[in-house]
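A short write-up of the structure that comes next.
The values are calculated or read from the model by the stated rules, or taken from the named source; none is laboratory data. Since we're looking at a predicted model, the values are computed, not measured. Neighbour counts are summed over all protein chains in view; Cβ atoms, including those assigned to glycine, are modelled from backbone coordinates with ideal geometry. Keep in mind that these areas ignore ligands, DNA and RNA; they rest on the heavy atoms of the full protein, side chains included. Shrake-Rupley method; radii C 1.70, N 1.55, O 1.52, S 1.80 Å.
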Amino acid sequence: MGSIQILRGIAVLFVVILHVTHKLQIFSNSNHYFSVGAIGVDLFFVISGFIMMYATEKKDNILEFLLDRFFRIYPIFCFFALVTLSIYFFRPDLVNSHSGKELSFLSTFTLIPLQNKMNIILVSWALSYEIYYYIIFSIAMLLNKYLSINKIISSSLIIFISIFVGFVLNNEFLKNTVILEFIFGMLAYGVFKKDNIKKNIPLDIVCLFIISFGFPIFINFYLNGQEIEFSSYRFLVYGIPMLFLFITFIKYQYVGFFSKTLSLIGNASY
């Protein structure tokens with residue numbers, strides 16, 4: 001689906017602009033940066049939930065699924081982790097020195113988040129959630145294959161249980177509700193598969209775009225963007241608008257200005 005690649009391209013640009021302006025803020029002591037660019041990550045999570053359902057619709061080989069995910073993520077990540085680590089040893093001030101946490105090699109190369117420990121590539125926190133979701137989804141595939149339990153239902157149930165456990169154990173990673181955005185993507189696939197999305201009045205495109213971009217921007221003016229970025233209500237402020245944006249693109253198979261360029265960026269996204 002070309003429109004999904006375009007969405008990936010948009011998500012990439014938002015995340016890149018976010019981090020470039022954040023670095024400029026740190027080094028220039030500025031009070032502002034493009035914090036709303038964080039919605040790119042939420043859009044990626046929604047897309048991932050949809051794609052996992054789409055890609056495994058006619059496949060139930062769990063080992064093949066996990067190996068495919070492993071080789072898609074780890075080789076490239078480990079390469080850049082080694083490059084970043086080399087820079088860190090010579091100029092630690094250039095590599096996430098503002099995090100204030102102790103560097104963990106285990107967390108860095110396994111993407112397993114550890115409390116009060118630093119991954120050398122801080123932005124890889126999103127990859128940790130991707131891998132966590134893949135593990136959950138593989139369990140759902142197993143339940144679907146042998147017990148005929150719907151993958152959306154079982155994945156969602158496991159995610160809700162993990163969040164509950166996270167709050168009980170006060171584990172920052174497990175209790176982060178951002179993982180609910182993968183459920184949004186799976187639900188979008190359920191709607192898409194049943195062909196319940198019909199083309200209606202073009203005005204609803206404008207409405208959905210206003211909701212998708214206007215609401216997060218408004219919230220960022222009202223609150224501090226950093227509060228939203230890792231807060232318990234991020235899935236509401238960013239996740240739901242990104243779900244609306246995703247459905248709009250799928251519904252209308254958007255092709256417009258810079259679509260080829262955005263598709264190229266989306267295809268190259270990691």
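A count restricted to region 111-136 and to residues that are part of a helix (DSSP H, G or I), open to solvent by less than 50 Å² (accessible area, probe 1.4 Å), more than 17 Å from Phe79 (Cα to Cα) and among the aliphatic types (A, V, I, L, M) stands at 3.
For region 165-181, filtering for residues that are in a helix (DSSP H, G or I) and within 17 Å of the chain's Cα centre (by Cα) leaves 5. Every condition in (1) in contact (Cβ under 8 Å) with a residue 24 or more places away in the chain; (2) under 23 Å from Leu114 (Cα atoms) holds for Phe184 except the one numbered (2). Is one or more of the residues making up region 105-118 closer than 23 Å to Leu236 by Cα and not acidic (Asp, Glu)? Scanning region 105-118 turns up no residue that is closer than 23 Å to Leu236 by Cα and not acidic (Asp, Glu).
Restrict the check to region 64-78 and report whether at least one residue is out of contact with any helix residue (DSSP H, G or I) (no Cβ under 6 Å at 6 or more places or on another chain), farther than 30 Å from Lys145 by Cβ and surrounded by fewer than 16 Cβ atoms within 10 Å (Cβ to Cβ). Looking for residues that are out of contact with any helix residue (DSSP H, G or I) (no Cβ under 6 Å at 6 or more places or on another chain), farther than 30 Å from Lys145 by Cβ and surrounded by fewer than 16 Cβ atoms within 10 Å (Cβ to Cβ), one finds at least one in region 64-78, hence yes. Here Ile139 fulfils each of the conditions (1) of a type in the set (A, V, I, L, M, F, W, C); (2) closer than 30 Å to Cys78 by Cα; (3) buried (at least 18 other Cβ atoms within 10 Å of the Cβ) apart from (3). The one condition from (1) in contact with a strand residue (DSSP E or B) (Cβ under 9 Å, 6 or more places away or on another chain); (2) of a type in the set (S, T, N, Q); (3) open to solvent by 30 Å² or more (accessible area, probe 1.4 Å) that Ser148 does not meet is (1).
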